[in-house]
Structures are given as structure tokens and as C-alpha cells.
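Asks: One structure, pasted below without further comment.
The values are calculated or read from the model by the stated rules, or taken from the named source; none is laboratory data. Remember, predicted model here, so these are calculated numbers, not experimental data. Here the Cβ is made from the backbone with ideal geometry for all residues, glycine too, and neighbour counts use every protein chain on show.
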Amino acid sequence: MKLELRNITKRFGQLTANDHISLVAKPGKIHALVGENGAGKSTLMNVLFGLYQADEGEILLDDVVQQFSGPGDAMAAGIGMVHQHFMLIPVFTVAENVMLGHEQTTRGGRLDIEAARQLVLDVSSRFGFDIDPDALVGDLPVGVQQRVEIIKALARDAQVLIFDEPTAVLTPQETDELMVIMKQLRDSGTAIIFITHKLREVREVADEITVIRLGKVVGEASPTATNTELAEMMVGRAVQLKVDKGPAKLGADALVVESLTVLDPTGMAVVNDVSFTIRAGEIVCIAGVQGNGQTELTEAIMGLAHHVSGSISLDGESLVGKSVRHILDAGVGFVPEDRTEDGLVGSFTIAENLMLDRSHGAPFVRAGALQLKTLTEFATETSKEFDVRSQGITSKASQLSGGNQQKIVLARELSRDLKLFVAAQPTRGIDVGSIEFVHKRIVQTRDSGIPVLVVSSELDEVVALADRIAVMYRGRIVGIVPADTPRAVLGLMMAGEVPAGVAA
Amino acid sequence: MSQTTTPVTSTVVLKSWKAPIAFGIFTVVSFVIFILLNTGASTNFRLSTESDFIQLPAIDLPALGTGIFVTALLFAMTVLSFFFSNKGKSSPIWMISAFGFFFMVGFLTWAGADGSILIPGLLLGTVGLSIPLIFGALGGIISERVGVINIAIEGQLLAGAFVSAMVATLTGSPYLGLVSAMVAGMLVSFVLATFSVKYLVDQVIVGVVLNVLVLGLTSFLYSQVLSKNTAVLNSPPRFDRIDIPVLSQIPIIGPVLFRQTLIVYLMYIIVAVVAYALFKTKWGLRLRSVGEHPMAADTVGINVAATRFWNVALAGAIAGIGGAYFTLGSVGAFQKEMTAGAGFIALAAVIFGRWDPIRATLAALLFGFASNLQNVLSIIGSPVPSEFMLMLPYVVTIFAVAGFVGRVRGPAAAGKPYTKS
């Protein structure tokens, strides 16, 4: 089935998320839709899938204009979607998730679970998946959950399949497997729309490429285009994909973590016997697929985790069991992985956000009263230094773009006297320009002799920033390797395998 | 790179000492009260009513002997529970139930010393007090499973009680009264559903406001209208007791479960139907999906708003039946504030029952038992001060919900409004 979008326009208030976008997806082809975060890719797909209604434009299937008032209509017309955030119910089984929305029933209205199980097994066997239809989805690894999403779409005979940023949560190996599946689907005649911002993947599978920027189609590219060409189309100017950094000037051991174990409330060891050392003036990156204990590791360092055993010491001072306040005062700067949830208060101004973790005394608070003049001066100066683009320091943080929000968090943390800097997913969901800036500041921090711990699930970022790389898998550090380790080796380590010759 | 190994994850067990400590406290209490403060000689337990076909003999339990026996047994179970916790296991549910049962035997023997306790009467009262709680809890479960927190159970019960009394009196038919109670509960739900689903108002606030509104409205109408025309407006006919042949002759449970009114039999059916339908039918699957992950439900073509709206309405109708039981099943006339917090205890039963119809029914029975124990003991004149006994149902509720539930997980999206863009 051929899918065509004509002049799709979608506005949210003042913002035009999609501005007259047109594209054609043909059967047996993979059409890549690339663009930066916030370029309007997901909005476009939600329009196509009936979740949003377009303000202008039309959707055609095999040259027939379609009217979708909801996802049910889109599915009935043969469009399936593999969502970036899986649309699966964790407490349901695989079979229940697949049958939801078009349930078959037997006598007395009883759900026909057996038919759904059979359907799951049929579709699985066609693509060589090994999936237990009775497993609870919440218990499955993310890679398998994604296959459940694919099965869900195929079980409804989808002729057009949309993959919305499908590789964001996968290991490199799982990504390769997904590419194989996509090619298999293409060869069986399905039209595929593949949304991503990872250029390597585009060049590997795409037959056609459409690039969008700020809600508009900026051009089409052939799969033979280079990374740099594609990146320039996405960003609209020349970009530097490599981080400029000199050799590290290593000092003494600064952060020493020994046999650190963190338990979750059920007694699972989410961080399991982890030991590593960061020297002054060094960047250590924790690589790994999200959800392998990185979050809990940073929380343990910041004193946010419960049930922590083992030792963490910074310049000889133990941090385990200390309060968050104490740890901040000890000179630890922290960029949390979810900036809107943990890094900022959205309804506060830029200035207020800049003093969030310094509300305990001078210079911003004296005798219990805020020193607004000091704060204004400080905020004006740091916003300029960190290139926070806004209407002014009294703008609300929630009104800024992700990149500018992240710069505020960075400004707040780096403007204190630090002895350790911890940045979790520092560039997640921000634009290329801001990424360059954040990376530059992290390297500057290192060069000023501060030990830096970066947690990232983007392998490109890890390779670009790190002086040494520690790979985490299921709560353990699989190995600590030099920054020039081949990606293939890192990929294997992210899947939990310890290549021979690597010190675990 | 040829040789590879995979690290193994391990689970470290967190020990929970909640159960053994609670057991220990109750064992000490039982030692002090049942043995040291023991005054009477023996307690007479009657197991049959006079109208029973099969007569069971009454049992005389010696007060001191029972106290010592029960305390020893409780002590043994406490030790066993410490043993379980030390090994990182939780105390099994049968042990908690047995502990409760024996403590209750000890307590009744002590409290009823030198008197006589009619066991079927105690249980009959338990069922009676539990009926509104069970209907309320079912309403709560359906509503929360679909993602709308139902604080308004109290209001739904009260509205059902008020309207059913009036309609049944005016029409002379308790059946019409029952139907009107369902309508009244549903109307309260419509307000809850409209504000929470359509206008995205905080569900807890709407629920609380609805409770206050229904309370104020019924109290006002009662004192201004009903109490002045009691004969015309507030003397509803009650449902007749129906004895089920054979079943009602079973000793102890026969008179308790099968010599009841229509509303009680309706309760058995509705609990069974909801328990089945929630987990085995299309309706239940869709309802639960909307309460867990509304966006996922939306992407497979389920209308989230309509599903929420109509199921909250259904929840109100079921809670309304519970309200009708107050007037058409037990008391026989509407009184001001007659639900007296039953809606909130029903809410506790929802949580204690982990959003499961059968478990919540059992929880409601436990709370009903605690309330009725207070009634029975104040009649036979127990040594416990009556003010303390009045606290009992609420104390049991707090302990049950806070102590033994631990970490329970409700529907993930309960309380969260769903919007698309």
C-alpha cells in the first residue's frame, strides 16, 4: 500500500510543529524521516496515526483520501506504529496486549486468550522471534518489548509500518537485529517509515531520506550521502561532529568507589559490587543501555539512594550515608538525567532555578531573606556565560527549549566550586548546537582539574567525551576500557559479554 | 575475543520484620489481658439458633485455660514468624489468618466471660454491616481500575440511601426503591466523571466536594421535608427475608448467608460477575487497560474518555445499591448521616483488597466483623470501655491498611487525567 502525506500542517497555539509537510512512502521501501529532536517528526507521525488532527493537508492511501478521527481508524486502514515509548501495558501478558482493542470472545463474552496466543506464535514464527505469549510485558527486556509492539502491528495486517525512534532504547546488537527485521518486512512488501536522528542507521537501511527541520521539509537525500552532509541538512549549518579535546592531564585519585551495591525496594541489586576510580582531570564515561543501574549509581553518589553498601570517597572523604546537602557542600555538581523532572522547577524563573541548590546561605540568602540583587546580577552574568537564550532571567524555565534548560542546569552546577562533576545523559533530547556547547563545557571542566563522571546511553557521545569508558550491564561494571576501544567491542560489552583481554 | 563470560545478577533479600513484631505485640497483649487480667470462670458459645434444623451443642470454654492455651499458641506462631523473617521469607497468609482467629477466640472468651455469645448472631451482624461496604468497595474497584479515584463512595451510598427511602415509600415498592438508588448513585458518578474526565479537575477534590455536597443536601432535605412527613416520605417497605431451601439449614453458615434479603443475594451475584468480568472479558480487559496506560489504550482504538465515563457511572450504580441496603435492608428509614463513614471504610477495603473484587469483599467482611463485635460486646456487657470499643472498626482498618498491606500497587493511571495534546 502506498502512503502519501500532502501539505500536512499542525499547529499548537503559536508553534507550528508541522508546516506543509509532504512525503510518499512506497511499498517495499524504507523511507527515513530524519531531523533533530523537536523538528516535528513525532508530531507528524501522530497526525498520520490519528492521535492528532491535522489543521491542514491530507493523508492518502493508494491515492484515496483518508479521514482518521482516531488511531482505530488508522489501524483499520492498515497503518501500524511502533511507538518510541512503547504502547504496551506492563501488567498484561503479551497475548493480552496483542489482542487489546480487537478482542475475540467465546461463549459468554469470555476472552479468547487461546486465539490471541496462537496469533502471537504465528507472527513470531514468521519473523523468527522467540516470544512467550504468556509472559508479562513488564518482565521482558526492552528489546523484546519492542518486538511485541511489532507483533501488535503485524497482527492487524499493517501494510504501512511506522517506526518512531525505535533504536533509542536498544543495544547496538539489538539495533542490528532490528535492522534485519526491517529489511525482512520491506522485502515482504510493507511500506516502512523510519524516524530517527541517528545517521548511521539511516544510511544502513534507508531507500529514501526526507530531512525536516523546524517543522519543514528541507530536502531529500540519497542513502549515499555522508554523515556530515545529512547533519548539515538537519541542523542548517556546518556542524562539528567530533569533540575537540586534548590529552588529559591526570592528577591524583579523586573519586574512589569500592564494592558499591544498591538494592531496590524488592531487594534486587540494581548496582552490584561496582568499583572504579576517577582521577583529577579525567572524564570517565559510564556506557550501557538505559536501565542497567546507571541511574541508581549516580543517585547513590548524590546520596539519593536507599540501601547502599560499599564505599564512595571523594578526596579521602566518605560520601556514603551522608545527606544530599552534605554531598553538595562537599563539592559535587550533578546534572540529573531527567532535567524537567529532577533538574529544574518548570514554573520557576531562570534566576530562581540558578540558585535552587544554594538556598542555604550566603551569598543568595542572608538571615532567611533572598538577596534578590545578588541573584539578579549572578543570573544575568551566568546566563550570558552559558549562552542561555531567553527573553530574560525572569522567563519561566518551562518556556525554554530543552537545550536552554540544560544550559541552566549546567550553569547552576558549574558555577559552584566543584571537586567532582556528575552528568547523567547530559545531551538527551537537545539540539545539536546545544550538544556542542555542553560537550565543550564538560571538557573545560575536566581541563580545570576536576574529575568528571558522565553517564550516557549514546555510544557516540561516550566515545567522543571519555578518557576511559566503564560499561555497565545489569548493575555490574562489565569492564573499564580505554576511549579508543572499537565500537564492536563496546557493543558486546553493553550486552554483558566480557571480551577476552579486557580487565573486568 | 573468542572467550566470553556473562556476569550473573544476584538478588539480595531484604528482611521485613513487620509481621513478627506485630505478632509479638499481640502476644504480649494477649498474655496481659487474657491471663493476668482474667476475671471470669467460663464463657458460653452458642453455635445454633433455635430455628435451626440441625442443633449444635453450645460450647463452654474455661476463661483462664483458654487464655493460657491461646497465648501459648500465639507465642509459638510469633517465634515461627521470626524464623520466617530471619530467612527472608514473609509470614504465610494462613498463619496471619490463624493468628487473627485464635486471638479472636481468646478475646471473645475473655470479654464474654460469665456470659453467653451467639456465634450465628455475631456473624449475621457482620454480614449485615458488610453489605454496604462490599457494594461500595466494588464501586471503588471499578472506578479506580478504569483510572478515576473514587473518594465519592460515601456520597454515592448516602444518595442511594436517601433516594431509595423516598421512592420506596412513595411507590410502596422496595424494588423501585432499589432501582432509584442505583440511579442516584449514578447521578453522583456523573458529576464525578464529568469533572474528572471532561474538565480534568483533580479527582480527589471532586470526590471530597461531592461527599460534602450529598451530606449537606440529604441532611437539609431530611430535616426540612422527610422528618415532617415521615409517614408519607420516609417509611419505606423493607425487603422480605427469603430463606433458600436446604442451604439455609446448614449449621452456622446457613442462617448467616442464606436467610437474607434480595440485596444480599444480589451482592453474591454482583461480586461473582465483577470478579469474572474484570479479568476474563473484553469489558474488563479494556477497562483495566484504560486504568493502567490510557495512551496505549487510545492507540489501539479504545475511547478512553467514554470508557472512563460509563464505568464510573456503573461504579456509582453499584455503590447506590449499597446505599439502598441501609434503608430497605436494615434500618427501614432514612436518617441523617446514616452511612457514618462506611464509604471511607469501603475505600480502605479497596486498597486492603488490592483492587481485587474477591479480596476486597473479604476485607469488607473483616471491617464489618470489627464493627459488629463492638455492637455484640456492648450488649453482653464486656469489661472493655465502650468508648474504646467504638474505635475498634477504625483501629482494625488502620492496622489492616497500614500494617499488613505493605507495598501495594494500584492501577498505574488512577487519578491521572488523560489528554492527547
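Asks: If you go through region A:212-243, how many residues are among the aliphatic types (A, V, I, L, M), in contact (Cβ under 8 Å) with a residue 12 or more places away in the chain and either in contact with an Asp or Glu (Cβ under 7 Å, 6 or more places away or on another chain) or over 18 Å from A:S42 (Cβ atoms) (or both)?
Replies: Going through region A:212-243 one residue at a time, the tally reaches 10.
Asks: Assess whether A:D73 counts as being modelled with pLDDT of 90 or more and acidic (D, E).
Replies: Working: modelled with pLDDT of 90 or more: no; acidic (D, E): yes.
When the stated conditions are applied, A:D73 does not pass them.
Asks: Moving on. Of B:L56, B:L37, B:L47, B:L73, which residue is surrounded by 18 or more Cβ atoms within 10 Å (Cβ to Cβ), farther than 30 Å from A:T261 by Cα and either modelled with pLDDT of 90 or more or more than 14 Å from every other protein chain (Cβ to nearest Cβ) (or both)? Even if it seems obvious, please write down each step before you answer.
Replies: Details: B:L56 fails: surrounded by 18 or more Cβ atoms within 10 Å (Cβ to Cβ); B:L37 fails: surrounded by 18 or more Cβ atoms within 10 Å (Cβ to Cβ); B:L47 fails: surrounded by 18 or more Cβ atoms within 10 Å (Cβ to Cβ).
Criteria check complete, one pass: B:L73.
Asks: Here is a further query. Would you check if there is a residue in region A:459-476 being at the interface with another protein chain (Cβ under 10 Å from one of its Cβ atoms), assigned to a helix (DSSP H, G or I) and surrounded by fewer than 23 Cβ atoms within 10 Å (Cβ to Cβ)?
Replies: no
Asks: Quick one: A:Q294 ticks every box in (1) out of contact with any Pro (no Cβ under 9 Å at 6 or more places or on another chain); (2) within 14 Å of chain B (Cβ to nearest Cβ); (3) of a type in the set (S, T, N, Q) except a single one, so which number is it?
Replies: Here A:Q294 meets the rest and fails (2).
Asks: Please give the number of the condition A:I283 fails out of (1) within 14 Å of chain B (Cβ to nearest Cβ); (2) under 30 Å from A:S434 (Cβ atoms); (3) of a type in the set (V, I, T).
Replies: Only one criterion in (1) within 14 Å of chain B (Cβ to nearest Cβ); (2) under 30 Å from A:S434 (Cβ atoms); (3) of a type in the set (V, I, T) is unmet by A:I283, namely (1).
Asks: Among (1) surrounded by fewer than 19 Cβ atoms within 10 Å (Cβ to Cβ); (2) more than 9 Å from chain B (Cβ to nearest Cβ); (3) under 17 Å from B:M295 (Cβ atoms), which single condition is A:R126 missing?
Replies: Condition (3) is where A:R126 drops out.
Asks: Only one residue in A:K26, A:K41 is touching a strand residue (DSSP E or B) at 6+ places or on another chain (Cβ under 7 Å), within 27 Å of A:E204 (Cβ to Cβ), modelled with pLDDT of 90 or more and among the charged types (D, E, K, R). Which one?
Replies: A:K26 is the lone residue from the list that is touching a strand residue (DSSP E or B) at 6+ places or on another chain (Cβ under 7 Å), within 27 Å of A:E204 (Cβ to Cβ), modelled with pLDDT of 90 or more and among the charged types (D, E, K, R).
Asks: Okay, next question. Within region A:45-56, is even one residue over 28 Å from the mean Cα position of the chain (by Cα), more than 9 Å from chain B (Cβ to nearest Cβ) and touching a residue at least 40 places away in the same chain (Cβ under 8 Å)?
Replies: yes
Asks: Which condition breaks for B:V163 when tested against (1) over 19 Å from B:S330 (Cα atoms); (2) among the hydrophobic types (A, V, I, L, M, F, W, C); (3) touching a helix residue (DSSP H, G or I) at 6+ places or on another chain (Cβ under 6 Å)?
Replies: Only one criterion is unmet by B:V163, namely (1).
Asks: If you go through region A:16-27 one residue at a time, do you hit one that is in a strand (DSSP E or B) and within 13 Å of chain B (Cβ to nearest Cβ)? Full working, then the answer.
Replies: So the first thing to find is which residues in region A:16-27 are in a strand (DSSP E or B), and the list is A:16-25.
Among the residues that remain, those that are also within 13 Å of chain B (Cβ to nearest Cβ) are: A:17-18.
The answer is yes, given that some residue of region A:16-27 is in a strand (DSSP E or B) and within 13 Å of chain B (Cβ to nearest Cβ).
Asks: For region A:29-40, indicate whether the set of residues that are within 14 Å of chain B (Cβ to nearest Cβ) and under 30 Å from A:S222 (Cβ atoms) is non-empty.
Replies: The answer is yes; a qualifying residue exists.
Asks: Would you mind finding the one in A:T266, A:T277 that is in the same structural domain as A:G449 (by TED's automatic domain parsing), free of Cβ contacts under 8 Å to residues at least 40 places away in the same chain and not in a strand (DSSP E or B)?
Replies: Numbers: A:T277 fails: not in a strand (DSSP E or B).
None of the other options fit; the residue is A:T266.
Asks: Can you tell me which residue among A:A305, A:A280 is at pLDDT below 95, more than 16 Å from A:P451 (Cα to Cα) and in contact with a strand residue (DSSP E or B) (Cβ under 8 Å, 6 or more places away or on another chain)?
Replies: A:A305
Asks: Of all residues in region A:57-105, which are among the small types (G, A, S) and within 7 Å of chain B (Cβ to nearest Cβ)?
Replies: Within region A:57-105, A:G70, A:G72, A:G101 qualify.
Asks: If I filter region B:7-16 for residues that are within 29 Å of the chain's Cα centre (by Cα), modelled with pLDDT of 70 or more and more than 14 Å from chain A (Cβ to nearest Cβ), do I get at least one hit?
Replies: no
Asks: A further question on this structure: Considering only residues that are farther than 26 Å from B:V274 by Cα and β-branched (V, I, T), look in region B:351-394 and name the one that is modelled with the highest pLDDT.
Replies: B:V376
Asks: Is it the case, given these coordinates, that A:L375 is part of a loop (DSSP other than H, G, I, E, B) and either in contact with a Ser or Thr (Cβ under 9 Å, 6 or more places away or on another chain) or of a type outside the set (K, R) (or both)?
Replies: no
Asks: Can you tell me which residue within region A:129-142, out of those that are among the acidic types (D, E) and farther than 21 Å from A:H85 by Cβ, is surrounded by the fewest Cβ atoms within 10 Å (Cβ to Cβ)? Step through it out loud before you land on a result.
Replies: Step one: of region A:129-142, the residues among the acidic types (D, E) are A:130, A:132, A:134, A:139.
Among the residues that remain, those that are also farther than 21 Å from A:H85 by Cβ are: A:130, A:132, A:134.
On the way: A:D130: 8, A:D132: 16, A:D134: 12.
If we take residues in region A:129-142 being among the acidic types (D, E) and farther than 21 Å from A:H85 by Cβ, then A:D130 is surrounded by the fewest Cβ atoms within 10 Å (Cβ to Cβ).
Asks: Is it the case, given these coordinates, that B:L314 is of a type in the set (A, V, I, L, M, F, W, C) and under 27 Å from B:V264 (Cα atoms)?
Replies: Judged against the criteria, B:L314 is a match.
Asks: Hey, could you check region A:21-53 for residues that are surrounded by fewer than 22 Cβ atoms within 10 Å (Cβ to Cβ) and of a type in the set (A, V, I, L, M) and say which is nearest to A:P71 (Cα to Cα)?
Replies: A:L51
Asks: Keeping to region B:283-307, report how many residues are crowded, with 21+ Cβ neighbours inside 10 Å, more than 7 Å from chain A (Cβ to nearest Cβ) and not in a helix (DSSP H, G or I).
Replies: Adding up the residues that qualify gives 0.
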